[in-house]
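Take a look at the structure below.
Bear in mind these aren't lab numbers, they're just calculated from the coordinates by the rules spelled out. Nothing here was measured: the structure is a model prediction, and the numbers come from that model. For neighbour counting, all protein chains shown are included, and Cβ atoms are generated from backbone atoms with ideal geometry for every residue, glycine included.
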Amino acid sequence: MNAFDPNISQRQPIRQLDDAAANRIAAGEVVERPASAVKELVENALDAGARRIDVTYADGGKTLIRVSDDGHGIPAGELPLALARHATSKIDGSDLLNIRSFGFRGEALPSLGAVGRLTITSRYGKDEAARIAVNGGAIGAVEPAALTRGTVVELRDLFHATPARLKFLRTDRAEAQAISDVIKRLAMAEPSVGFTLRDVSGGGEGALKFRADPENGDMFDALAGRLRTILGADFIDNALPIDAEREGLILTGYAALPTYSRGAAVAQFLFVNGRPVRDKLLIGALRGAYADFLSRDRHPAVALFLACDPERVDVNVHPAKAEVRFREPGLARGLIVSTLKHALAEAGHRASTTVSTATLGAFRAETRGHYQMDLASRATLSYRQPDRPQSGFAEFAPSARVEPVHSAEETSPEGVEALPLGAARAQLHENYIVAQTDDGMILVDAHAAHERLVYEKLKRQMAENGVAAQVLLIPEIVELGADDRAAILNAADSLAPLGLTIEPFGGNAVCVRETPAILGEVNATAMIHDILDELSDLGQTQTVKDRIEAILSRVACHGSVRTGRRMSGPEMNALLREMEATPHSGQCNHGRPTYVKLKMTDIERLFGRS
Amino acid sequence: MKVSIERSTLMKAMSRAQSVVERRNTIPILANVLIEAEGDKIAFRATDLDIEVLDTAPAVVSQAGATTVGAHTLHEIVRKLPEGAMVELSDDGTAGRLEISAGRSHFSLATLPKEDFPVMASSEYECNFSVKASVLKRLLDKAKFAISTEETRYYLNGIYMHAAEGAQGKALRCVATDGHRLAQVDAPLPAGAETLPGVIVPRKTVGEVMKLLDDDEAAIAVSVSETKVRFATPEVTLTSKVIDGSFPDYTRVIPQGNNKRLEVDAAEFARAVDRVSTVSSERSRAVKLALDEDRLVLSVNAPDSGAADEELAVAYADEPLEIGFNAKYLLEIAGQVDRENAVFMFNSSGDPTLMREGNDDSAVYVVMPMRV
């Protein structure tokens, strides 16, 4: 007999749950782990206008979380109310659409009080400081306390009232990591507020885990400084500042160059009105903007801030406010895609400095190796390979042939060295071009660079001429679920210009009438399913475009200069000039760099001359 | 086993057998050919598990027997032997070696046991008929260009052979399509083929059968069952599985009401298509056909690399029309025309177009336009 059979189990009367139980249930939504408690408390501190926020935790936040701020504080008389459900100072309840603070639901403190031992100590202006404690939902009395300013919220033994939840927490280390992530995200959004994060698990002062001092200066400088603190100098050095506005939506922040991409989506920080979010729409837009520069397993690194009138975005979608809903999703998406694409296009052929840093590293290791060689062995072991003939024919050896640029006048007109990629000087190993610029040297992978140039040209042609569609003799009927059918038909208008024509068919089927001619014979059913998967994951589809571009990329590979072809001076210079003129030529079709740049100072450093 | 055979006879038999053997095999025995010597004949049997070729040749058998040996190696050896040489094959059945001698050359090849060789199960053929090699050759040759290569639509990866009601009465019909174009070729129905079940003959089988059809006058015995098809000449028997799937109802997509008629010299048309498509570097080159009274202008426009057009004098008396096609498709169907002019029947720029040779309805082609 099945105990879960609804007809057999005994009916229980309907009961009103008591407040403690209700609060615990609500707490489950808001507070799922220590990090979410930290997030709620820090957001409260920010809403209170704090300039310094100190966070302390112990045992991954399971035994202690303490958030101290220097904000305006809470008057002693309002302390009991602060712990009541749906009590907040942040909104008056008349307009849930116009929300300008982090919090607004009035749920955080009562929820925390329901699942842990909460103590709030606060001093409002010149009043006396006061303290209130709540233990497993039971609110104590307001007592006088000592505090110079602001509020200290202390949460001990989180989830002691809900042991089930405690069992589902990860290790202390993982929870501490999550807390640190939360603080970093909030710190990014508020560069002018100072943050510290301490782990006091061992007692005493504990260990400082994170520290960000308040940044000064205008918004961009402050943000750059804060991002440097949090994400490292590498990120800022390889990121493009973003600042764009469209119809009241403002996008600011930094987006990293494609060559500074990551293997997982770990360095994507998105904020809407200062609120950290992980929103499908925004992540999809990000992917769309970088689609052309990164292979599918690479992820861009960005810190982007979208700001708009609070009325145009609904943050009351998700209890932890990680998702938002835009009133004009197309506008938000369009702004992100076009702004990033534009910025990346302007950066054009720039490859990340991490690339040249890596190059320098490689050079250095080699130098040290030679340096350690003692004089005697240096005399016997010539710098070149020992079996190489010592005659003058050595320079014709094909493996390391250097093709000198014959005549400077003919190949390097005046001022060429001032151009970003400089003047070609030689070709090494029948592929790599060495060029000299005003402030250093450039090493170009000729094959990769030319491949990218051909690819960009093919894409441009495709964009200008449109995608030719091959009409099918026997239209392909694809059976789908009702939701999938609606989704694919919704996208039909955007697929038609790419040569894929989809029409409704009886029942839950759609009919594919035309496919992109360049793809040849297409397995339409599989393609439709791939598109649908992508639509449900990202809310948009790149599948058809990706496939077309994959073909173009293959064509480009065949149509480009191969390694092993010797290039003349004018040819090399022409390639460099075309790279400068072509957007996105700094990386090949897979996000690898097409050239590295060594600054004069880098070269001098190699020789210890700096 | 001990056999003596003339080099060119051996060569001919071996080459037909070895061509079905795949170059790379995961099952070692499939790389081998089964050699069976008995009476005054030697038989070579090779298979890829889908197709089996059995080829017999006259030989002097001094000791009957059977063995298997690597097909490609044996074929290469025989090919390199001098013309007119007598080749001796012997295997004492114990050493696991096949000894090959010809003149002063001597080879010794590793063998695998003949018992391991997979022999295709014989089956009942419900339909048997005989057709002249030239007729079968025409049927397959004219249809095979349209066979699909898209593996997921496996039922299009072959030629659909069946009995149908053609324009000139009952016909043996071959149809192939890849979803973009279609070929339908008819021949008068041979006696005994009335009960022919529709079968899809795989692409590889079509290619192998074509190799058996050098003698135009020879009679090919065709046997068909639900799962297999067999083509036999006096020396060679080729048995193949057929594709297990149902061929789509192709008759619906052959347009009946197309009324704009263009008649053009096929070779001249093909050369012109080839010339104008040179300017486009794209993989799918689109050629535009602009038709006006007795005038056809072929044009290709690739904004970056250039443009080309060529005017042809044609017979066309209907209202003007512009329509685009994949250049490769046009070349391939124009290549099927060998005696008369090509006649195209159009409806509109988005509808299927029909092509045939003169007024001959025994071979019709349908090609879908491209929308540029």
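Just to check, using Stokes-Einstein with a Kirkwood Rh over alpha carbon pairs, what's the diffusion coefficient of the protein assembly as shown at 4 °C and 1.567 mPa s in µm²/s? Stokes-Einstein gives a translational diffusion coefficient of 36 µm²/s.
Remark: for residue pairs A:62/A:126; A:280/A:321; B:2/B:114; B:12/B:137, the C-alpha separation exceeds 25 Å in A:62/A:126.
If you plug the beta carbon distance of residue B:123 and residue B:150 into 1/(1 + (r/R0)^6) with R0 = 45 Å, you get a FRET efficiency near 0.95. In terms of distances greater than 31 angstrom between alpha carbons, the cross-link table entries B:80/B:241; A:90/A:167; B:142/B:228; B:142/B:288 yield B:80/B:241; A:90/A:167. Amide H contacts of residue A:269: A:302, A:303, A:304, each under 5 Å away and 5 or more positions distant or on a separate chain (H built 1.01 Å from N in the peptide plane; Pro and chain starts excluded). For a straight C-alpha distance cut-off of 16 angstrom, the aspartates and glutamates reachable from residue A:459 (same-chain residues fewer than eight places away being disregarded) are A:292, A:451, A:546, A:549, A:578, B:282, B:304.
Can you give me the span-like helices of chain B, meaning DSSP H runs with 24 Å or more of Cα extent along the axis and Kyte-Doolittle mean at or above 0.5?
Result, helices passing both filters: zero.
Placing a pseudo-label 7 Å from each Cα along the Cα-to-Cβ vector at residue A:546 and residue A:85 gives an inter-label distance of 4.6 nm. Peptide A:471-480 has a mean shielding of 5, counted as Cβ atoms of other protein chains within 10 Å of each residue's Cβ. Taking the three principal axes of the alpha carbon atoms in the range B:127-252, the coordinate ranges are 37, 30, 24 Å, sorted in descending order. If the segment from residue A:192 to residue A:220 were pulled out straight at 0.36 nm per residue, it would be longer than the present Cα-Cα gap by 9.0 nm.
Put a dot 7 Å past the Cα of residue A:419, heading toward its Cβ, do the same for residue B:249, and the two dots end up 6.5 nm apart. Take each residue of peptide A:510-518, count the partner chain Cβ atoms within 10 Å of its Cβ, and average: the result is 3. Among beta bridges identified by DSSP and lying wholly in the protein assembly as shown, the antiparallel ones come to about 95 percent. Computed from the Cα positions only, the extents of the range B:123-196 along the three principal axes stand at 35, 32, 22 Å, in decreasing order. Over the range B:127-252, Cα pairs under 8 Å with separation of 6+ residues give a relative contact order of 30 percent. One Cα centroid belongs to the range A:109-179, the other to the range A:429-470; the line between them spans 59 Å.
For residue A:465, project a label point 7 Å along Cα to C-beta. Then give me every residue of the range B:294-313 with its amide nitrogen under 11 Å of that point. Label zone hits: B:300-308. Taking amide hydrogens as placed 1.01 Å from N in the peptide plane, the amide H of residue B:32 sits under 5 Å from those of B:71, each at least 5 positions away in sequence or on another chain. Largest mean-square fluctuation among B:36, B:88, B:115, in a Gaussian network model of chain B whose springs join Cα atoms under 10 Å apart, belongs to B:115. Computed from the C-beta positions of residue A:438 and residue A:245, the FRET efficiency with R₀ = 30 Å rounds to 0.25. Going Cα to Cα from residue A:597, which lysines come in below 24 Å? Please leave out same-chain ones fewer than 8 positions away. Filter leaves A:341. Translational diffusion coefficient of the range B:2-116 (Stokes-Einstein, Kirkwood radius from Cα pairs, 37 °C, 0.692 mPa s): 237 µm²/s.
So if each residue of separation counts as 0.36 nm, and I subtract the Cα-Cα distance between residue A:139 and residue A:78, what length gain in nm does that give?
Working: separation 61, 0.36 × 61 = 21.96 nm, distance 1.32 nm.
Extending this stretch completely gives an extra 20.6 nm.
The distance between label points at residue B:226 and residue B:317 comes to 5.3 nm (points 7 Å beyond Cα on the Cα→Cβ vector). When you count the other C-beta atoms within 10 angstrom of each residue and take the mean per peptide, A:510-516, A:204-210, A:277-283 line up highest first as A:510-516, A:277-283, A:204-210. FRET efficiency for the residue A:18 to residue A:181 pair, using the beta carbon distance and R₀ = 41 Å, is estimated at 0.70.
Return a whole-number percent for the relative contact order of chain B, with Cα pairs under 8 Å and 6 or more residues apart as the contact set.
13
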